[in-house]
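Chemist: I have a structure I would like to understand better, so I am pasting it below and will then ask my questions one at a time.
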Amino acid sequence: MGLMDRLRGELIDIIEWTDDSRDTLAWRFPRHQNEIKSGAKLIVREGQAAVFVDKGRLADVFEPGTYTLDTANLPILSTLEGWKYGFESPFKAEVYFIRTTRVVDQKWGTKNPIMLRDPEFGPTRLRAFGTYGFKVSDPATFLDTLVGTSGDVDTGAITDQIRNLIVARFTDVLGSAKLAALDLAANVDELGGFVAEKMADDMAEYGIEVVNLLVENVSLPPAVEKLLDERTGMGVIGDLGAYTQFQTAQAISKAAENPGGGAAAAGVGLGAGLAMANQMGGAMMGGAAPQQAAPAPSAPPPPPDAVSFHVSKSGQSTGPFGLDALRQQAASGDLTRETFVWSERLGEWKAAGEVDALRGVFGATPPPPPDA
């Protein structure tokens, strides 16, 4: 420091911060060897706080106002220095001005997707971004934890830490809330409040309070969003059959407007469209209701009743006999064409030779031989 700066420091008795920078959070008042005169004026403007540091130890903190520095308003510094009867001019102390107004319109967002288990989509990834603001709520703690011996501290020294903490607490809130991804848009205000509340204790360790934390958007991966759009489109279409008819009518109309070469192509496209519609309709029906099992094959019809007859022998009814038994009787001569037989189908006694069902029992009768 030059001679003029040294003389100016000895003559100046006003301590204030007039810098209007919006990015500076802490600023150390420059004085030659940190000497402050007795009776010096301290001016702390609105949105500021002044913190005195004595040999690396935090001393007195001043809220907005104008002060004449003496032992009455420097009780901690007086105790540290052991001033029982007032201090001698000049005394040495560092003076830091801390900005206490809100720093707004800060951005936050997820650098990498957040993995979670969605109740509807299963394991999925989400991205989110938004804005937030913050302010220094405890100047002494802020000075002790973040400023240290630095002369100036701007917003860039703390915003990265705040953004990382927001993402970490946002992930915790999503995991514990177990909300479906499609329901997040309706709860972004509550999510922002929960995240700010969850990180309040973490930020208090730095003397900072996060305010107006907003979740502006929560998005799914592009591939999932595309499938979701298709699903939404199917819901908008509604009746697939009516939509197919509408598309078919449009195709026919376009084909009529292009008679030179569109008829065959329109026919092919129409057939393909109808086939696709049928497949989609079948798939939708299959997804909407369980597939019905194929009906069991019907039992074969019962075999026809076996043919049997009662045979009259010596005025007595015998049997019933099946066709095989009747063939044996015919072969042995016990059954002739004149023998009377009866069955339920006949309803009466008839000669065996007159029953069509028994013609095969006796064999074919050869025709008369030709005349010699």
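The values are calculated or read from the model by the stated rules, or taken from the named source; none is laboratory data. Note that the coordinates shown come from a computational prediction; the quantities given were computed from them, not determined experimentally. Glycine also receives a Cβ, built like all others from the backbone with ideal geometry; neighbour counts cover every protein chain displayed.
Chemist: Do you know which residues across the stretch 341-360 are within 11 Å of Val311 (Cβ to Cβ) and part of a helix (DSSP H, G or I)? Give the derivation first.
Modeler: Looking only at the stretch 341-360, we keep the residues that are within 11 Å of Val311 (Cβ to Cβ), and these are 341-343, 349, 352, 358.
Selection gives Ala352, Leu358.
Chemist: Check Asp202 against each of (1) of a type in the set (Asp, Glu); (2) surrounded by 14 or more Cβ atoms within 10 Å (Cβ to Cβ); (3) not in a helix (DSSP H, G or I) and name the one condition it does not meet.
Modeler: Here Asp202 meets the rest and fails (3).
Chemist: I'd like to check something: does the stretch 315-332 contain any residue that is modelled with pLDDT under 80, loosely packed, with under 10 Cβ neighbours inside 10 Å and not charged (D, E, K, R)?
Modeler: yes
Chemist: What tally of residues in the stretch 100-121 results from selecting those that are surrounded by 13 or more Cβ atoms within 10 Å (Cβ to Cβ), assigned to a strand (DSSP E or B) and touching a Lys or Arg at 6+ places or on another chain (Cβ under 7 Å)?
Modeler: Residues that pass the stated criteria total 3.
Chemist: For the structure I just gave you, tell me whether Val218 is surrounded by 14 or more Cβ atoms within 10 Å (Cβ to Cβ), closer than 30 Å to Val103 by Cα, touching a strand residue (DSSP E or B) at 6+ places or on another chain (Cβ under 8 Å) and modelled with pLDDT under 85. It would help to see each step written out before you state the result.
Modeler: Values: surrounded by 14 or more Cβ atoms within 10 Å (Cβ to Cβ): yes; closer than 30 Å to Val103 by Cα: yes; touching a strand residue (DSSP E or B) at 6+ places or on another chain (Cβ under 8 Å): yes; modelled with pLDDT under 85: no.
No.
Chemist: While we're here: Quick one: count up the residues across the stretch 127-158 that are in a helix (DSSP H, G or I) and surrounded by fewer than 17 Cβ atoms within 10 Å (Cβ to Cβ).
Modeler: 5
Chemist: For Glu197, state whether it is in a helix (DSSP H, G or I) and surrounded by fewer than 17 Cβ atoms within 10 Å (Cβ to Cβ). I'd like the intermediate steps shown before the answer.
Modeler: Working: in a helix (DSSP H, G or I): yes; surrounded by fewer than 17 Cβ atoms within 10 Å (Cβ to Cβ): yes.
Criteria met by Glu197.
Chemist: Here's another thing I want to ask about it. What number of residues in the stretch 10-53 are modelled with pLDDT under 85 and touching a strand residue (DSSP E or B) at 6+ places or on another chain (Cβ under 7 Å)?
Modeler: 8
Chemist: Can you tell me which of (1) modelled with pLDDT of 65 or more; (2) surrounded by 14 or more Cβ atoms within 10 Å (Cβ to Cβ); (3) closer than 23 Å to Gly151 by Cβ is the one Gly56 doesn't meet?
Modeler: (2)
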